[in-house]
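The values are calculated or read from the model by the stated rules, or taken from the named source; none is laboratory data. Model, not experiment: these values are computed from the prediction. Cβ placement follows ideal geometry from the backbone for every residue including glycine, while neighbour counts extend to all protein chains displayed.
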Amino acid sequence: MALLSTTLFKPQQVLLPLLTVTLLVAGSQAEAQVYPPPAPASTDTAAADQVGRDQEFATPSVVGMGPSKGLVFHYERMPRFNVSSDSKVGTVTDYKGEATKNARLIIKGYVPLLNHPHLKVVVGINYEREEFQFAPPANYQFYQNIEDKGLKVLGAQLAVIRPVNTVNWYLFRVKGELNGDYTSSELGIKDYLKVSSEFVYGWKRSPQFSWGLGLQLGYTFGRQSIYPALLYNRTFNDKWGVEALFPARVTVRRNLSDRSLLFAGYSVDGLSYNIKLREPITNAEGQQLRTLELRETEVRGRLRWEREIYDFLWFGVEGGYRYNYAFDAFDRSNNDRRKIIDSKLASAPYASLELFIVPPRKFLKKTLNK
């Protein structure tokens, strides 16, 4: 578990193996190649479907979607913004101040386990760290915890895509994450584990149009809950398309070329962190609380550009505006999960830079010609 601490996190222990297996992603992610994809072998039903030939099995992806991502490095930053916190219990004071820094580092990797025409299984891992700094004097216990330790996520997921026939398919994903302000010495799985999942059943109407209906279990809108999901992937022509998993995100795609894509849309992002307090807080019933649950939900309007640098290496630049819907702390000691601190983070612009590795074109051609 040493990987769980930022101080002990050694990227080379994780990234080198991921770099090696990235080349394998070509097989399992053939349905997500750049428009137009290379001519597939007749035995590759997913790729055959991509270019509009007779398909044997349906998939949720469509012609024109961006390159498959095997390994992703993402860094994001926001400028200063105001912060205010209102206490819901008498033992906690109110706070008003300014956040001078809000940055986020994300590293993700995906590895195929199975790549059959009738079954595709992909495993993913992710590490995230969100950091805050507050203008002095930030002598507010809740924010001191966040500022000193940061908010961390270490997760793994399993995704299964099951083509049923030439029209129908279903997708299942389950994800487990350790979310909180932990260090390696404090970590306990039962204290920080968060589980989310989704199931979508869909219809592939053509190589350019696939849609589905399902359910998602997650923290996008605050506390863990189940909500409906509509998947809608459609390419209208060789330039324009839509990729959506409503209501969580909707994106309009513009294919500038087979090496350059432009995206615009919105996303709703939510996380739940468990925070261990240095000093206990007394709730309304007089109980001493040593942990709180932080629920963070934000809506983003975004504009993104992705461009190939060299064959297998791409970059992405994104900018937009973040509206913070919630940044609240809750009592974890009872089923009611009563709100202890109601916080408001002012809306602010953001910018991010991303590098990601995709299957090389030569490797794709060799794979498809086998």
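Is it the case that Leu217 is assigned to a strand (DSSP E or B), in contact (Cβ under 8 Å) with a residue 12 or more places away in the chain and closer than 25 Å to Glu296 by Cα?
Numbers: assigned to a strand (DSSP E or B): yes; in contact (Cβ under 8 Å) with a residue 12 or more places away in the chain: yes; closer than 25 Å to Glu296 by Cα: yes.
Judged against the criteria, Leu217 is a match.
Taking the stated definitions as given, is Gly301 assigned to a strand (DSSP E or B), buried (at least 17 other Cβ atoms within 10 Å of the Cβ) and within 17 Å of the chain's Cα centre (by Cα)? No; evaluated as a whole, the condition is false for this residue. Each residue in region 191-206 was checked for being more than 19 Å from Val268 (Cβ to Cβ), surrounded by 20 or more Cβ atoms within 10 Å (Cβ to Cβ) and at pLDDT 95 or above, and 2 of them qualify.
Give the residue that is farthest from Gly222 (Cα to Cα), with candidates limited to residues of region 259-290 that are of a type in the set (Ser, Thr, Tyr) and modelled with pLDDT of 80 or more. Steps first, answer last, please.
The initial filter retains those residues of region 259-290 that are of a type in the set (Ser, Thr, Tyr), namely 260, 266-267, 272-273, 282.
Right, trim to modelled with pLDDT of 80 or more and you get 260, 266-267, 272-273.
Values: Ser260: 35, Tyr266: 18, Ser267: 15, Ser272: 7, Tyr273: 11 Å.
Within region 259-290, the match that is farthest from Gly222 (Cα to Cα) is Ser260.
Condition (residue is without any contact (Cβ under 8 Å) to a residue 60 or more places away in the chain and not charged (D, E, K, R)) applied to region 335-356: is it met by at least one residue? Yes - at least one qualifying residue is present in region 335-356.
Hey, could you check region 91-119 for residues that are more than 20 Å from the chain's Cα centre (by Cα) and basic (Lys, Arg) and say which is nearest to Ser68 (Cα to Cα)? The residue in question is Lys101. Note on region 228-238: residues that are without any contact (Cβ under 8 Å) to a residue 24 or more places away in the chain, surrounded by 13 or more Cβ atoms within 10 Å (Cβ to Cβ) and of a type outside the set (A, V, I, L, M, F, W, C) amount to 1. A single entry from Asn139, Asn179, Asn145 fulfils the requirement of being within 22 Å of Arg337 (Cβ to Cβ) and either free of Cβ contacts under 8 Å to residues at least 12 places away in the same chain or within 21 Å of the chain's Cα centre (by Cα) (or both): Asn179.
Look at (1) modelled with pLDDT under 95; (2) on the phi < 0 side of the Ramachandran plot; (3) not aromatic (Phe, Trp, Tyr) and you find that Arg254 fails only one, number (1).
The rows are residues; the columns are (1) closer than 24 Å to Gly176 by Cβ; (2) surrounded by fewer than 17 Cβ atoms within 10 Å (Cβ to Cβ); (3) charged (D, E, K, R); (4) touching a Ser or Thr at 6+ places or on another chain (Cβ under 8 Å).
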| site | (1), (2), (3), (4) |
| --- | --- |
| Ile107 | yes, no, no, no |
| Pro112 | yes, no, no, yes |
| His116 | no, yes, no, no |
| Val122 | yes, no, no, yes |
| Tyr127 | yes, no, no, no |
| Asn139 | no, yes, no, no |
| Phe142 | no, no, no, yes |
| Gly150 | yes, no, no, yes |
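Under the condition of being of a type in the set (Ser, Thr, Tyr) and modelled with pLDDT under 60, the residues counted in region 351-370 number 1. Among the residues of region 311-345 satisfying the criterion of being touching a Leu at 6+ places or on another chain (Cβ under 7 Å) and not in a strand (DSSP E or B), which is farthest from Val358 (Cα to Cα)? Ranking the qualifying residues of region 311-345, first place goes to Ser333. Only one of the numbered conditions (1) buried (at least 17 other Cβ atoms within 10 Å of the Cβ); (2) under 24 Å from Gln141 (Cα atoms); (3) more than 19 Å from the chain's Cα centre (by Cα) is not met by Arg338, and that is (1).
Of all the criteria given as (1) over 21 Å from Glu76 (Cβ atoms); (2) modelled with pLDDT of 95 or more; (3) not β-branched (Val, Ile, Thr), the one not satisfied by Lys175 is (1).
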